[in-house]
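Participant: Here you go, one structure.
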Amino acid sequence: MGEYPLIEVDLGKLERNARAIVDRCAALGIGVTGVIKGCSGLPECAAAMARGGCAHIASSRLDELAGARAHGVDLPTMMIRIPMPSEAADTVRLADISLNSELSTLALLDGEARKQGRRHGILLMAELGDLREGIWDRGEFLETAVAVERGFGGLDLLGIGTNLGCYGSIAPTAEKMEALAELAGLVEGELGRKLEMVSGGASTAFPRVMDRDMPGAINNLRIGENILIGRDLADLWGYDMGFLHNDVFVLKAEIIEAKTKPSHPIGEIMFDAFRNRPTYEDRGLRKRALAAVGKADYAWADHLLPLEEGIQLLGASSDHTILDVEDARRDLRPGDVVEFGLCYGPAVLLTHSPGVRIVFKGSPVA
Ligand SMILES: *Cc1c(COP(=O)(O)O)cnc(C)c1O
(Lines give C-alpha, C1' and ligand atoms only; values in the text may rest on other atoms or scores of the structure.)
Protein backbone atom coordinates (compact mmCIF):
# COMPACT_ATOMS: atom_id res chain seq x y z
CA MET A 1 0.00 0.00 0.00
CA GLY A 2 1.31 3.43 -0.87
CA GLU A 3 1.62 6.48 1.33
CA TYR A 4 -1.59 8.08 0.06
CA PRO A 5 -4.48 8.55 0.52
CA LEU A 6 -4.06 9.27 4.18
CA ILE A 7 -5.99 10.91 6.96
CA GLU A 8 -4.01 13.11 9.29
CA VAL A 9 -5.54 13.31 12.76
CA ASP A 10 -4.45 16.14 15.05
CA LEU A 11 -4.85 14.71 18.53
CA GLY A 12 -3.95 18.02 20.23
CA LYS A 13 -6.81 19.77 18.43
CA LEU A 14 -9.13 16.89 19.23
CA GLU A 15 -8.28 17.11 22.92
CA ARG A 16 -8.78 20.89 22.90
CA ASN A 17 -12.19 20.44 21.21
CA ALA A 18 -13.20 17.94 23.86
CA ARG A 19 -12.06 20.29 26.61
CA ALA A 20 -13.95 23.23 25.04
CA ILE A 21 -17.20 21.23 24.95
CA VAL A 22 -16.65 19.65 28.38
CA ASP A 23 -16.00 23.03 30.05
CA ARG A 24 -19.09 24.65 28.54
CA CYS A 25 -21.26 21.71 29.59
CA ALA A 26 -19.69 21.54 33.07
CA ALA A 27 -20.74 25.15 33.68
CA LEU A 28 -24.36 23.90 33.48
CA GLY A 29 -23.77 20.72 35.48
CA ILE A 30 -23.70 18.54 32.36
CA GLY A 31 -21.20 15.70 31.90
CA VAL A 32 -20.00 14.77 28.43
CA THR A 33 -19.87 11.27 27.01
CA GLY A 34 -17.33 11.25 24.17
CA VAL A 35 -18.68 9.40 21.13
CA ILE A 36 -16.00 7.79 18.93
CA LYS A 37 -18.10 6.18 16.16
CA GLY A 38 -17.56 9.24 13.92
CA CYS A 39 -13.90 8.24 13.52
CA SER A 40 -14.56 4.49 13.44
CA GLY A 41 -13.49 4.30 17.06
CA LEU A 42 -9.80 5.15 16.57
CA PRO A 43 -8.49 4.40 20.08
CA GLU A 44 -6.05 7.33 19.94
CA CYS A 45 -9.08 9.60 19.53
CA ALA A 46 -10.80 7.98 22.50
CA ALA A 47 -7.70 8.66 24.57
CA ALA A 48 -7.67 12.31 23.46
CA MET A 49 -11.34 12.64 24.45
CA ALA A 50 -10.47 11.17 27.84
CA ARG A 51 -7.64 13.68 28.28
CA GLY A 52 -10.10 16.41 27.29
CA GLY A 53 -12.31 15.57 30.26
CA CYS A 54 -15.05 13.32 28.85
CA ALA A 55 -16.77 11.20 31.50
CA HIS A 56 -17.40 8.10 29.38
CA ILE A 57 -16.38 6.73 26.00
CA ALA A 58 -19.27 5.69 23.77
CA SER A 59 -19.83 3.98 20.46
CA SER A 60 -22.57 2.27 18.52
CA ARG A 61 -20.16 -0.64 17.96
CA LEU A 62 -18.76 -2.92 20.63
CA ASP A 63 -15.49 -3.56 18.80
CA GLU A 64 -14.74 0.16 19.03
CA LEU A 65 -15.30 0.10 22.80
CA ALA A 66 -13.04 -2.96 23.04
CA GLY A 67 -10.39 -1.08 21.07
CA ALA A 68 -10.51 1.90 23.42
CA ARG A 69 -10.15 -0.35 26.46
CA ALA A 70 -7.29 -2.31 24.88
CA HIS A 71 -5.56 1.01 24.24
CA GLY A 72 -5.70 1.76 27.96
CA VAL A 73 -8.57 4.24 28.03
CA ASP A 74 -10.01 3.54 31.46
CA LEU A 75 -13.24 5.57 31.37
CA PRO A 76 -16.55 3.72 31.67
CA THR A 77 -17.75 2.58 28.24
CA MET A 78 -21.22 3.18 26.85
CA MET A 79 -22.87 1.21 24.04
CA ILE A 80 -25.13 3.78 22.38
CA ARG A 81 -26.82 1.61 19.82
CA ILE A 82 -29.54 -0.60 21.31
CA PRO A 83 -27.68 -3.92 21.68
CA MET A 84 -28.52 -6.81 19.39
CA PRO A 85 -29.98 -9.65 21.45
CA SER A 86 -27.24 -11.84 19.97
CA GLU A 87 -24.53 -9.58 21.41
CA ALA A 88 -25.90 -9.42 24.97
CA ALA A 89 -22.88 -11.28 26.38
CA ASP A 90 -20.37 -9.02 24.61
CA THR A 91 -22.37 -5.94 25.59
CA VAL A 92 -22.03 -6.82 29.28
CA ARG A 93 -18.37 -7.73 28.82
CA LEU A 94 -17.33 -4.66 26.83
CA ALA A 95 -19.73 -1.91 27.90
CA ASP A 96 -20.35 -0.62 31.41
CA ILE A 97 -23.56 1.06 30.26
CA SER A 98 -25.92 0.49 27.33
CA LEU A 99 -28.91 2.32 25.83
CA ASN A 100 -32.01 0.16 25.74
CA SER A 101 -35.67 0.11 24.77
CA GLU A 102 -36.68 -3.58 24.69
CA LEU A 103 -37.66 -5.54 27.77
CA SER A 104 -36.65 -8.85 26.16
CA THR A 105 -33.12 -7.56 25.50
CA LEU A 106 -32.91 -6.16 29.03
CA ALA A 107 -33.74 -9.64 30.33
CA LEU A 108 -30.88 -11.09 28.28
CA LEU A 109 -28.47 -8.41 29.56
CA ASP A 110 -29.59 -9.16 33.11
CA GLY A 111 -28.93 -12.88 32.66
CA GLU A 112 -25.47 -12.14 31.24
CA ALA A 113 -24.61 -9.67 34.00
CA ARG A 114 -25.44 -12.26 36.65
CA LYS A 115 -23.54 -14.95 34.77
CA GLN A 116 -20.45 -12.78 34.35
CA GLY A 117 -20.68 -11.41 37.88
CA ARG A 118 -20.71 -7.82 36.62
CA ARG A 119 -23.09 -4.94 37.07
CA HIS A 120 -24.39 -3.37 33.89
CA GLY A 121 -25.82 0.16 33.79
CA ILE A 122 -28.93 0.95 31.77
CA LEU A 123 -30.06 4.17 30.15
CA LEU A 124 -33.67 3.68 29.12
CA MET A 125 -34.36 5.49 25.86
CA ALA A 126 -37.46 7.62 25.33
CA GLU A 127 -38.87 8.22 21.84
CA LEU A 128 -39.60 11.95 21.61
CA GLY A 129 -40.44 12.16 17.92
CA ASP A 130 -37.27 11.59 15.89
CA LEU A 131 -38.54 8.04 15.25
CA ARG A 132 -35.39 6.06 15.71
CA GLU A 133 -34.83 4.24 19.02
CA GLY A 134 -36.80 4.65 22.22
CA ILE A 135 -40.08 3.82 23.96
CA TRP A 136 -42.96 6.01 22.78
CA ASP A 137 -45.73 4.84 25.10
CA ARG A 138 -45.47 6.47 28.52
CA GLY A 139 -47.05 3.52 30.36
CA GLU A 140 -44.61 1.11 28.73
CA PHE A 141 -41.74 3.45 29.61
CA LEU A 142 -42.61 3.52 33.31
CA GLU A 143 -43.28 -0.23 33.45
CA THR A 144 -39.93 -0.97 31.81
CA ALA A 145 -38.13 1.37 34.21
CA VAL A 146 -39.73 -0.38 37.17
CA ALA A 147 -38.90 -3.81 35.72
CA VAL A 148 -35.22 -2.88 35.42
CA GLU A 149 -35.20 -1.40 38.93
CA ARG A 150 -37.01 -4.18 40.75
CA GLY A 151 -36.90 -7.23 38.51
CA PHE A 152 -33.36 -7.38 37.17
CA GLY A 153 -30.79 -7.91 39.90
CA GLY A 154 -27.84 -7.71 37.50
CA LEU A 155 -28.79 -4.34 36.06
CA ASP A 156 -28.60 -0.81 37.47
CA LEU A 157 -31.08 1.67 36.06
CA LEU A 158 -28.66 4.57 35.70
CA GLY A 159 -31.15 6.90 34.09
CA ILE A 160 -33.02 7.80 30.95
CA GLY A 161 -32.12 9.41 27.67
CA THR A 162 -33.36 10.43 24.27
CA ASN A 163 -31.96 10.89 20.80
CA LEU A 164 -33.10 13.52 18.31
CA GLY A 165 -31.85 14.90 15.03
CA CYS A 166 -30.68 11.60 13.57
CA TYR A 167 -33.51 10.10 11.49
CA GLY A 168 -36.50 12.44 11.73
CA SER A 169 -34.24 15.53 11.75
CA ILE A 170 -36.12 16.75 14.82
CA ALA A 171 -34.42 19.60 16.69
CA PRO A 172 -33.65 19.05 20.39
CA THR A 173 -35.54 22.20 21.35
CA ALA A 174 -35.94 23.41 24.93
CA GLU A 175 -39.49 21.93 24.75
CA LYS A 176 -38.19 18.47 23.83
CA MET A 177 -35.65 18.67 26.65
CA GLU A 178 -38.45 19.72 29.03
CA ALA A 179 -40.41 16.65 27.94
CA LEU A 180 -37.43 14.44 28.82
CA ALA A 181 -36.99 16.20 32.17
CA GLU A 182 -40.67 15.69 32.91
CA LEU A 183 -40.41 12.00 32.06
CA ALA A 184 -37.38 11.73 34.36
CA GLY A 185 -39.51 13.24 37.12
CA LEU A 186 -42.24 10.65 36.54
CA VAL A 187 -39.73 7.80 36.67
CA GLU A 188 -38.18 9.20 39.85
CA GLY A 189 -41.65 9.42 41.40
CA GLU A 190 -42.34 5.82 40.45
CA LEU A 191 -39.00 4.56 41.81
CA GLY A 192 -38.91 6.82 44.85
CA ARG A 193 -35.34 7.92 44.13
CA LYS A 194 -33.31 10.26 41.98
CA LEU A 195 -31.92 9.07 38.65
CA GLU A 196 -28.18 9.41 38.27
CA MET A 197 -28.27 10.35 34.60
CA VAL A 198 -30.67 12.18 32.31
CA SER A 199 -29.05 12.21 28.88
CA GLY A 200 -30.42 14.90 26.58
CA GLY A 201 -28.89 13.89 23.28
CA ALA A 202 -26.01 14.30 20.86
CA SER A 203 -24.14 17.23 19.27
CA THR A 204 -27.44 18.65 18.03
CA ALA A 205 -28.50 19.20 21.67
CA PHE A 206 -25.41 21.34 22.38
CA PRO A 207 -27.22 24.53 21.22
CA ARG A 208 -29.24 24.23 24.45
CA VAL A 209 -25.95 24.70 26.33
CA MET A 210 -24.95 27.66 24.14
CA ASP A 211 -28.38 29.28 24.44
CA ARG A 212 -28.50 28.43 28.15
CA ASP A 213 -32.03 27.08 27.94
CA MET A 214 -31.30 23.47 28.91
CA PRO A 215 -33.58 22.30 31.74
CA GLY A 216 -31.63 21.73 34.97
CA ALA A 217 -32.60 18.06 35.10
CA ILE A 218 -30.54 17.21 32.00
CA ASN A 219 -27.06 16.28 33.22
CA ASN A 220 -25.45 14.38 30.33
CA LEU A 221 -24.85 14.80 26.59
CA ARG A 222 -23.33 12.23 24.24
CA ILE A 223 -21.10 14.24 21.91
CA GLY A 224 -19.25 13.07 18.82
CA GLU A 225 -19.49 15.45 15.85
CA ASN A 226 -18.87 18.66 17.84
CA ILE A 227 -15.60 17.29 19.19
CA LEU A 228 -14.38 15.36 16.14
CA ILE A 229 -15.49 17.56 13.26
CA GLY A 230 -16.90 20.78 14.72
CA ARG A 231 -18.68 21.85 11.55
CA ASP A 232 -22.40 21.06 11.60
CA LEU A 233 -23.64 23.53 14.22
CA ALA A 234 -21.69 26.29 12.44
CA ASP A 235 -22.48 25.38 8.82
CA LEU A 236 -26.06 24.12 9.17
CA TRP A 237 -27.40 25.80 12.32
CA GLY A 238 -25.59 29.14 12.16
CA TYR A 239 -23.98 28.92 15.61
CA ASP A 240 -20.63 30.59 16.22
CA MET A 241 -18.43 27.56 16.87
CA GLY A 242 -15.19 29.51 16.49
CA PHE A 243 -13.95 27.98 19.74
CA LEU A 244 -13.65 24.57 18.02
CA HIS A 245 -11.02 23.31 15.58
CA ASN A 246 -12.78 22.04 12.45
CA ASP A 247 -9.62 20.52 11.00
CA VAL A 248 -8.89 17.67 13.39
CA PHE A 249 -9.15 15.35 10.36
CA VAL A 250 -7.49 16.24 7.04
CA LEU A 251 -7.53 14.00 3.97
CA LYS A 252 -4.39 14.01 1.82
CA ALA A 253 -4.59 12.51 -1.66
CA GLU A 254 -2.13 12.16 -4.51
CA ILE A 255 -2.63 13.62 -7.97
CA ILE A 256 -2.44 11.04 -10.77
CA GLU A 257 -3.36 13.19 -13.78
CA ALA A 258 -3.33 16.91 -14.47
CA LYS A 259 -4.43 18.16 -17.91
CA THR A 260 -6.32 20.93 -19.62
CA LYS A 261 -9.64 19.64 -20.98
CA PRO A 262 -13.10 20.90 -21.88
CA SER A 263 -15.20 21.47 -18.75
CA HIS A 264 -18.37 20.05 -20.31
CA PRO A 265 -18.57 16.33 -21.15
CA ILE A 266 -18.64 15.66 -24.88
CA GLY A 267 -21.31 13.35 -26.28
CA GLU A 268 -24.73 12.14 -25.21
CA ILE A 269 -25.13 12.52 -21.41
CA MET A 270 -26.66 9.42 -19.79
CA PHE A 271 -25.98 8.39 -16.18
CA ASP A 272 -22.87 8.48 -14.00
CA ALA A 273 -21.43 5.45 -12.16
CA PHE A 274 -23.93 5.93 -9.34
CA ARG A 275 -27.13 6.13 -11.43
CA ASN A 276 -27.32 9.93 -11.23
CA ARG A 277 -27.85 12.21 -14.21
CA PRO A 278 -25.79 15.25 -13.25
CA THR A 279 -25.59 18.58 -15.05
CA TYR A 280 -22.25 20.12 -15.95
CA GLU A 281 -21.30 23.77 -16.31
CA ASP A 282 -19.47 24.69 -19.52
CA ARG A 283 -16.59 26.98 -18.57
CA GLY A 284 -14.54 26.27 -21.68
CA LEU A 285 -11.08 24.75 -21.46
CA ARG A 286 -9.88 24.38 -17.85
CA LYS A 287 -6.99 22.64 -16.13
CA ARG A 288 -8.26 19.61 -14.26
CA ALA A 289 -6.61 17.14 -11.90
CA LEU A 290 -7.48 13.66 -10.71
CA ALA A 291 -6.78 12.69 -7.11
CA ALA A 292 -6.49 8.98 -6.29
CA VAL A 293 -9.27 8.60 -3.74
CA GLY A 294 -13.00 8.31 -4.38
CA LYS A 295 -16.52 7.57 -3.34
CA ALA A 296 -15.55 4.03 -2.34
CA ASP A 297 -13.57 5.73 0.42
CA TYR A 298 -15.87 8.61 1.38
CA ALA A 299 -19.24 8.27 -0.45
CA TRP A 300 -20.13 11.98 -0.45
CA ALA A 301 -17.93 14.14 -2.67
CA ASP A 302 -19.81 17.31 -1.73
CA HIS A 303 -18.92 16.73 1.95
CA LEU A 304 -15.23 17.04 1.12
CA LEU A 305 -13.78 20.56 1.28
CA PRO A 306 -10.60 21.35 -0.71
CA LEU A 307 -8.33 23.30 1.64
CA GLU A 308 -6.17 24.90 -1.04
CA GLU A 309 -7.24 28.18 -2.58
CA GLY A 310 -8.15 27.90 -6.25
CA ILE A 311 -8.98 24.20 -6.14
CA GLN A 312 -12.60 23.26 -6.73
CA LEU A 313 -14.07 19.79 -6.33
CA LEU A 314 -16.07 18.88 -9.44
CA GLY A 315 -17.16 15.35 -8.58
CA ALA A 316 -16.00 11.82 -8.04
CA SER A 317 -16.31 8.20 -9.06
CA SER A 318 -15.41 5.18 -6.91
CA ASP A 319 -11.66 5.74 -6.98
CA HIS A 320 -11.16 9.18 -8.54
CA THR A 321 -11.80 12.68 -7.25
CA ILE A 322 -12.05 15.21 -10.07
CA LEU A 323 -10.76 18.71 -9.39
CA ASP A 324 -10.74 22.01 -11.26
CA VAL A 325 -7.26 23.40 -10.63
CA GLU A 326 -7.20 26.17 -13.27
CA ASP A 327 -7.05 28.84 -10.55
CA ALA A 328 -4.68 26.98 -8.21
CA ARG A 329 -1.66 28.91 -6.95
CA ARG A 330 0.72 26.17 -8.09
CA ASP A 331 1.17 24.12 -11.24
CA LEU A 332 -0.21 20.80 -10.02
CA ARG A 333 1.40 17.65 -11.40
CA PRO A 334 1.19 13.90 -10.84
CA GLY A 335 2.71 13.06 -7.47
CA ASP A 336 1.61 16.33 -5.85
CA VAL A 337 -0.59 16.04 -2.79
CA VAL A 338 -3.82 17.96 -2.18
CA GLU A 339 -5.66 18.36 1.12
CA PHE A 340 -9.33 18.27 2.04
CA GLY A 341 -11.32 19.09 5.14
CA LEU A 342 -14.05 16.61 6.07
CA CYS A 343 -17.65 16.65 7.17
CA TYR A 344 -18.99 13.86 9.39
CA GLY A 345 -19.96 11.32 6.70
CA PRO A 346 -16.59 11.17 4.91
CA ALA A 347 -14.78 11.11 8.29
CA VAL A 348 -16.72 7.96 9.28
CA LEU A 349 -16.07 6.22 5.97
CA LEU A 350 -12.47 7.30 5.35
CA THR A 351 -11.43 6.08 8.80
CA HIS A 352 -13.22 2.79 7.98
CA SER A 353 -11.57 2.41 4.58
CA PRO A 354 -8.76 -0.18 4.51
CA GLY A 355 -7.09 1.71 1.65
CA VAL A 356 -6.65 4.91 3.67
CA ARG A 357 -3.68 5.28 6.01
CA ILE A 358 -4.18 7.00 9.37
CA VAL A 359 -1.41 9.29 10.59
CA PHE A 360 -1.50 10.95 14.00
CA LYS A 361 0.07 14.24 14.89
CA GLY A 362 -0.18 16.73 17.75
CA SER A 363 0.75 15.99 21.33
CA PRO A 364 -1.26 15.90 24.56
CA VAL A 365 -2.23 19.38 25.72
CA ALA A 366 -0.06 20.33 28.70
C1 LIG B 1 -24.25 8.84 17.20
C2 LIG B 1 -24.94 9.04 18.47
C3 LIG B 1 -24.57 10.08 19.32
C4 LIG B 1 -23.50 11.08 18.96
O5 LIG B 1 -23.89 11.84 17.85
P6 LIG B 1 -23.02 13.07 17.32
O7 LIG B 1 -23.88 13.71 16.31
O8 LIG B 1 -21.78 12.50 16.73
O9 LIG B 1 -22.73 13.95 18.47
C10 LIG B 1 -25.22 10.17 20.54
N11 LIG B 1 -26.18 9.31 20.88
C12 LIG B 1 -26.57 8.30 20.08
C13 LIG B 1 -27.65 7.38 20.54
C14 LIG B 1 -25.97 8.13 18.86
O15 LIG B 1 -26.37 7.14 18.05
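The values are calculated or read from the model by the stated rules, or taken from the named source; none is laboratory data. Since the model is a prediction, treat every value here as computed from it, not as a measurement. Cβ placement follows ideal geometry from the backbone for every residue including glycine, while neighbour counts extend to all protein chains displayed.
Participant: Out of Leu157, Leu186, which single residue is assigned to a strand (DSSP E or B) and assigned by TED's automatic domain parsing to the domain that holds Ile218?
Facilitator: Result: Leu157 is the single residue among Leu157, Leu186 that is assigned to a strand (DSSP E or B) and assigned by TED's automatic domain parsing to the domain that holds Ile218.
Conditions (1) of a type in the set (D, E, K, R); (2) within 27 Å of Val250 (Cβ to Cβ), marked per residue:
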residue	(1), (2)
Arg16	yes, yes
Arg19	yes, yes
Gly29	no, no
Lys37	yes, yes
Asp63	yes, yes
Arg69	yes, no
Pro76	no, no
Ile82	no, no
Ala88	no, no
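Participant: Also, quick follow-up: I'd like to verify a number: residues in the range 315-366 that are among the small types (Gly, Ala, Ser) and more than 21 Å from Lys287 (Cα to Cα), how many?
Facilitator: 9
Participant: Do we have any residue at all in the range 137-150 that's outside any helix (DSSP H, G or I) and either surrounded by 14 or more Cβ atoms within 10 Å (Cβ to Cβ) or touching a Pro at 6+ places or on another chain (Cβ under 7 Å) (or both)?
Facilitator: no
Participant: Any chance the range 141-148 includes a residue that's touching a strand residue (DSSP E or B) at 6+ places or on another chain (Cβ under 9 Å), away from the ligand (no atom under 16 Å from the Cβ) and more than 20 Å from Leu109 (Cβ to Cβ)?
Facilitator: No, that holds for no residue.
Participant: Can you spot a residue in the range 147-158 that is within 20 Å of Thr204 (Cα to Cα) and small (Gly, Ala, Ser)?
Facilitator: Looking for residues that are within 20 Å of Thr204 (Cα to Cα) and small (Gly, Ala, Ser), one finds none in the range 147-158, hence no.
Participant: In the set Ile223, Ile170, which member is in contact (Cβ under 8 Å) with a residue 40 or more places away in the chain and buried (at least 22 other Cβ atoms within 10 Å of the Cβ)?
Facilitator: Unique residue meeting the criteria: Ile223.
Participant: Now for a separate question. Give me the residue from the range 58-112 that is acidic (Asp, Glu) and more than 13 Å from the ligand (Cβ to nearest atom) and, out of that set, farthest from Ala202 (Cα to Cα).
Facilitator: Glu112
Participant: Among the residues of the range 316-332, write down those that are farther than 15 Å from Lys252 by Cα and either in contact (Cβ under 8 Å) with a residue 40 or more places away in the chain or not in a strand (DSSP E or B) (or both).
Facilitator: Scanning the range 316-332 gives Ser317, Ser318, Asp324, Val325, Glu326, Asp327, Ala328, Arg329, Arg330, Asp331.
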